[in-house]
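**Q** Got a structure here, written out as structure tokens. Questions coming.
The values are calculated or read from the model by the stated rules, or taken from the named source; none is laboratory data. Predicted model, so just to flag it, every value in this text is computed and none were measured. For neighbour counting, all protein chains shown are included, and Cβ atoms are generated from backbone atoms with ideal geometry for every residue, glycine included. Please note that ligands, DNA and RNA were not included when accessible areas were found on the heavy atoms of the full protein model with its side chains. Shrake-Rupley method; radii C 1.70, N 1.55, O 1.52, S 1.80 Å.
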Amino acid sequence: MGSTSFRQLTGNARGCLVYEPLFLIPYSMFTTYTSIYMYQLGVTETGIGWITSIGLLVQVLSSFLSGYLTDRLGRKKALLYFDVLSWTVATLLWAVSQNFWFFVIAAVINGFQKVPHTAFYCLLVEDTAPKERTYVFTLLQLISVVGGLFAPIGGLLVYHFTLVPGVRIMFVLACILMTIQFIGRHYATRETDIGYRKMKETKGMSLREGMADYALVMKSMLGNPLLLMIFGVYILYNFQMTVKTTYVSIFMVEYLHLGSGLISVFPAFSSVIMLIFMRWIMPRIGEQHVHRTMVWGFVISVLSNVILVFAPQGDLLVLSLSTVIAAIGTMMTYPYLETAVANAIDDENRAKIFALLQVLILIVISPSGIIGGWAYGIDPRIPFLLVAGAFVISIPLMLLYGKKVKAAPVEAGV
């Protein structure tokens with residue numbers, strides 16, 4: 001795959017990624033503590049599940065609108081306006097939250113994040129050659145990994161100020177840094193050629209007319225089994241990520257009895273393992289081995305969650321082993337899965353197809369918060385068995401997808 005260097009980036013990919021640390025660094029700091037922060041402010045495990053599911057339901061709506069809004073406003077404007085709404089406003093509200101209802105309102109506002117998500121995705125890949133997209137998504141993952149190295153700063157804030165004040169500080173920092181990112185990226189990128197064309201096509205188009213286009217796009221999607229197959233894998237990946245992100249911190253603190261300041265070490269540890277994997281292993285993986293690599297990544301991810309389920313309370317060695325294996329599994333799946341999805345979607349309908357993909361993802365994972373909360377209440381280990389199950393189902397799907405792509409590669413796009 002070659003080396004991963006920003007020097008190779010050009011155009012919108014460079015403009016998008018150069019400011020991305022300003023989002024991912026504060027995000028990696030507070031995301032580890034969000035569930036515990038809510039718990040400390042009196043929200044129950046079930047309440048946390050409801051908040052997660054409410055946020056996901058709003059994301060379903062914003063996902064459905066995101067294709068139309070991205071085409072109508074243009075990639076850049078949709079990205080700027082809705083990033084400010086869903087992140088600047090939401091992080092500020094999280095910083096002053098007092099009870100369950102504050103978090104519900106913040107979840108509703110943050111639920112509009114799917115509009116800038118679609119816009120960012122289009123801006124990132126539309127002017128990037130398909131053969132360069134694995135490289136772009138690998139760099140995006142690299143930035144995320146480096147952001148994870150800053151997670152222990154959150155632990156230091158919690159240690160120094162105690163949990164609730166420390167997390168409030170993280171949210172204020174996130175509000176400031178993310179807003180700087182949104183503005184900086186806006187001026188570092190240009191509207192894509194497809195974006196300009198879609199803005200002209202949708203000028204004067206009503207919301208109802210814009211929504212009508214989705215029927216044609218959906219018909220095209222349903223007529224492409226190969227596309228639906230890779231979408232199925234992508235949906236399962238997002239399901240497991242939502243469940244694990246929501247409950248892993250609470251699991252470590254409440255079930256495994258780790259200190260709240262200590263858990264921030266694990267994201268940083270995971271990031272170090274990912275950096276090593278990126279530097280020494282990924283460049284050796286050829287394009288012809290991508291699908292097989294993803295399959296083994298899913299197998300490894302199953303193993304990491306099984307180890308987590310059976311980890312003895314307070315055993316840092318076993319937890320570290322689970323973290324190492326999970327980090328390797330992520331690097332063997334995420335960049336390649338994102339690239340496979342990006343290359344399977346035709347540029348002409350990218351915004352709407354990606355929007356519909358987000359809707360499908362959210363329809364599947366919206367109940368995950370409630371299911372996860374209910375399962376956690378029965379046994380805190382059950383959510384991670386669900387995560388392992390999602391990877392198990394992905395294995396045969398990816399094997400079949402890889403086989404069909406080799407047999408008929410021309411069918412991969414819509």
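**Q** Which distance in Å, rounded to a whole number, links the C-alpha centroids of segment 354-388 and segment 63-126?
**A** Between the Cα centre of segment 354-388 and that of segment 63-126, the gap is 21 Å.
**Q** Using the heavy atoms of the protein chains alone and a 1.4 angstrom probe, what is the accessible area of the chain per residue in square angstrom? Spell out each step's value before the answer.
**A** Working: 17150 Å² over 414 residues.
Heavy-atom SASA per residue in the chain reads 41 Å².
**Q** Further, regarding this structure: Would you report the distance distribution of C-alpha pairs in segment 207-316 as whole percents per 10 angstrom bin, up to the bin with the largest distance?
**A** 10, 28, 29, 18, 13, 2
**Q** What are the semi-axes of the equivalent ellipsoid for segment 36-122, taken as the square roots of 5 times the Cα gyration tensor eigenvalues, largest first, in whole Å? Don't skip to the end; give the middle numbers.
**A** Details: eigenvalues 147, 34, 12 Å².
Each semi-axis is the square root of five times an eigenvalue, giving 27, 13, 8 Å.
**Q** Give the shape of segment 1-155 as rounded, prolate or oblate, defined through the alpha-carbon gyration tensor: a ≥ b ≥ c are the square roots of its eigenvalues, a/c under 1.5 means rounded, and otherwise the shape is prolate if a/b is larger than b/c and oblate if not.
**A** Values: a/c = 2.54, a/b = 1.47, b/c = 1.72.
Oblate, because a/c is 1.5 or more while a/b does not exceed b/c.
**Q** Same structure, new question: Mean Kyte-Doolittle hydropathy of -1.0 or higher plus an axial Cα length of 30 Å or more: which whole DSSP H helices in the chain meet both?
**A** Values: long enough: 45-73 (40 Å, 0.81); 163-188 (37 Å, 1.44); 225-250 (39 Å, 1.19); 382-407 (39 Å, 1.55).
Counting only whole DSSP H runs, the qualifying helices are 45-73, 163-188, 225-250, 382-407.
**Q** Projected area of segment 82-142, taken from the Cα convex hull and averaged over every viewing direction, in nm²?
**A** Numbers: hull surface 20.0 nm².
Over all viewing directions, segment 82-142 projects a mean Cα-hull area of 5.0 nm².
**Q** Checking a compactness column here: for the chain, what do you get for Rg(Cα) / (2.2 N^0.38 Å), N being the number of residues?
**A** On the way: Rg = 20.4 Å, N = 414, 2.2 N^0.38 = 21.7 Å.
That works out to 0.94 for the chain.
**Q** Let me ask something else about it. Restricting to lysine pairs 8 or more places apart or on different chains, what number in the chain have Cα atoms under 23 Å apart?
**A** So the count works out to 26.
**Q** If you don't mind, another one. Could you give the nm distance between label points at Glu348 and Trp374, where each point is 7 Å from its Cα heading toward the beta carbon?
**A** Spacing of the two 7 Å Cα→Cβ label points: 4.4 nm.
**Q** OK, next. Write down the radius of gyration of segment 265-344 and its Dmax, each obtained from C-alpha positions, in Å.
**A** Calculated on Cα positions, Rg and Dmax stand at 13.6, 44 Å.
**Q** Which value in deg cm²/dmol, rounded to the nearest 500, describes the helix-derived mean residue ellipticity at 222 nm for the chain, given -39,500 (n - 2.57) per DSSP H run of n ≥ 4 and division by the residue count? Each step should come with its number before you reach the end.
**A** Values: 21 runs with 314 residues, N = 414.
Calculated mean residue ellipticity at 222 nm is -25000 deg cm²/dmol.
**Q** If you average the sequence gap of Cα pairs under 8 Å that are 6 or more apart and divide by the length of segment 102-214, what percent do you get for the contact order? Mind dumping the intermediate values first?
**A** Values: 21 pairs, mean separation 25.7, N = 113.
Computed over segment 102-214, the figure is 23 percent.
**Q** So what's the net charge close to Pro116: Lys and Arg +1, Asp and Glu -1, counting the other residues with Cβ under 10 Å from its Cβ? Walk me through the numbers on the way to the answer.
**A** Values: positive: Arg75, Lys114; negative: Asp83.
Around Pro116, the surrounding residues sum to +1.
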